[in-house]
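Below: one structure, written as structure tokens.
No value in this document is a laboratory result; all are computed from the given coordinates. As the structure is a prediction and not an experimental result, all values here were calculated from the model. Glycine also receives a Cβ, built like all others from the backbone with ideal geometry; neighbour counts cover every protein chain displayed.
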Amino acid sequence: MAGAGHKLWSAGDVVAASGSTDINTALLQQIVGVYADSSARDAAFGGAGEPALSEGMFCYLNDTNEFQVYIGSAWRTIGDPDVLLIDSTNARVGIGTSAPARQLSAKSGSDGGNVVLVRTSESDGAYGGVEFHNHPSSETEYRKGALYYRSDGNGYGRGDFLFCQNNDADGGNVDLGDEVVRITAAGLVALGGAIALSGDTAAANQLDDYEEGTWTPTIKFGATACTITSGLTNKYTKVGNLVHCVFTFATTNLNGGTGALEMGGLPFANASAFSYGHLTVSPATLASGQAYVQVFVNAAATAFFIIQGQTGTSTFDHNDGTTSSNFYGSVTYYV
């Protein structure tokens, strides 16, 4: 229902009970009615000869010292400390609290989100969130940090949390392109940089890489590639600059190759001068006094097998295995 608005009176106007000069409408929608309590107020409306309630009417209740506005279906208290309080002295707003501790304080006695930020689109890339400004200038600039919730385009309001940080030495504002950490809808955490352990930012105390996967060994005797059956456990794990590989394979045809066995295809090149691992070969035709075989990784992405014996070492070659030898081993090295 439209309000009466502002009534301009002219000399000679006659006050009537209805129409454009309806005294009830003209006054009650332009004044604040003062009542002893809500019962006295309610009794003043709706009866014979009494005005009807209309959206936008105001009143003041003496018993509770409250201003109220009629919203079309009920009276609603303005500035009710149990609902909304504006602390003009300290420039604070309280929702559900009469003593806001910060510029905006929201208090709830039930479980659930105290604050809901609404973005009305769930298209892929649509986002909303909170941006932070720590600078004496206007907040139109220098908003350097943000927490956004970005839609992943899969519907039902789902998306990823993005922590964004603009570290440029200027007045530019943060945006999605400044992502440093992402928590996906599936719970995965993606980092845009290294993890500083114990808060130490020194490079030696930062974890900046983790990777795991599979790899395929290649085998040669001398310069000739050998035919092999590769196992199902050729895997690697890389943490920082440390790589650990496991492998299994069986030779099926040496293809006439002679000389030292060389294993290639390691997932990363070895950065150190040498690294050793363990190896089991079965069947093997080791000579008397030769104790066991080790994996030796040179400063590349290849490895040799070294036979350790009582009188020294030698490389594992075509004479030390068979055309159907099985190899099981692992090696750890630095990159």
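Fewest neighbouring Cβ atoms within 10 Å first, the residues His318, His244 line up as His244, His318. For the options Gly240, Gly192, Gly72, a Gaussian network treatment of the chain with springs between C-alpha atoms closer than 10 Å singles out Gly72 as fluctuating the most. Partner aspartates and glutamates whose Cα lies under 12 Å from the Cα of Lys107, excluding those fewer than 8 positions away in the same chain, are identified as Asp82. Across the chain, C-alpha contacts under 8 Å between residues 6 or more apart give a mean separation that, scaled by the residue count, equals a relative contact order of 8 percent. Within the straight-line cut-off of under 19 Å between alpha carbons, the aspartates and glutamates reachable from Lys238 are Asp208, Asp209, Glu211, Glu212, sequence neighbours fewer than 8 places apart in one chain being disregarded. Which FRET efficiency value, to the nearest 0.05, is calculated for Leu191 and Tyr127 with the Förster distance at 22 angstrom and r the Cβ-Cβ distance? With R0 = 22 Å, the Cβ-Cβ based efficiency is 0.70.
Cross-link candidates for Lys220: which aspartates and glutamates have Cα within less than 17 Å, leaving aside residues fewer than 8 places away along the same chain? Once the sequence-local aspartates and glutamates are set aside, what remains near Lys220 is Glu262, Asp317, Asp320. Full extension of the chain between His278 and Thr216 gives 20.5 nm of extra length, using 0.36 nm per residue less the Cα-Cα distance. Only DSSP H runs of four or more residues enter the estimate; each adds -39500 (n - 2.57), and after division by the residues of the chain the mean residue ellipticity at 222 nm equals -1000 deg cm²/dmol. With only the Cα atoms considered, region 212-334 has a convex hull volume of 88 Å³ per residue. Shape class for the chain: prolate, because the ratio a/c of the largest to smallest gyration tensor axis (alpha-carbon atoms, square roots of eigenvalues) is 1.5 or more and a/b beats b/c. Where in region 45-112 are there trypsin sites (Lys or Arg not before Pro) that are in a DSSP coil and have at most 10 other Cβ atoms within 10 angstrom of their Cβ? In loop regions of region 45-112 (DSSP not H, G, I, E or B), the sparsely surrounded trypsin sites (Lys or Arg not before Pro) are Arg102.
Using alpha carbons only, how many angstrom separate the centre of region 150-223 from the centre of region 246-262? Their Cα centres are 40 Å away from one another.
According to the calculation over all Cα-Cα pairs in region 127-193, the P(r) per 10 Å bin from zero is 22, 46, 24, 7, 0 %.
Between Ser38 and Asp152, the simple label model (points 7 Å from Cα in the Cβ direction) yields a spacing of 4.7 nm. Grouping the Cα pair distances of region 21-178 into 10 Å bins from zero gives a pair-distance distribution of 9, 22, 23, 20, 15, 10, 1, 0 percent in increasing distance order.
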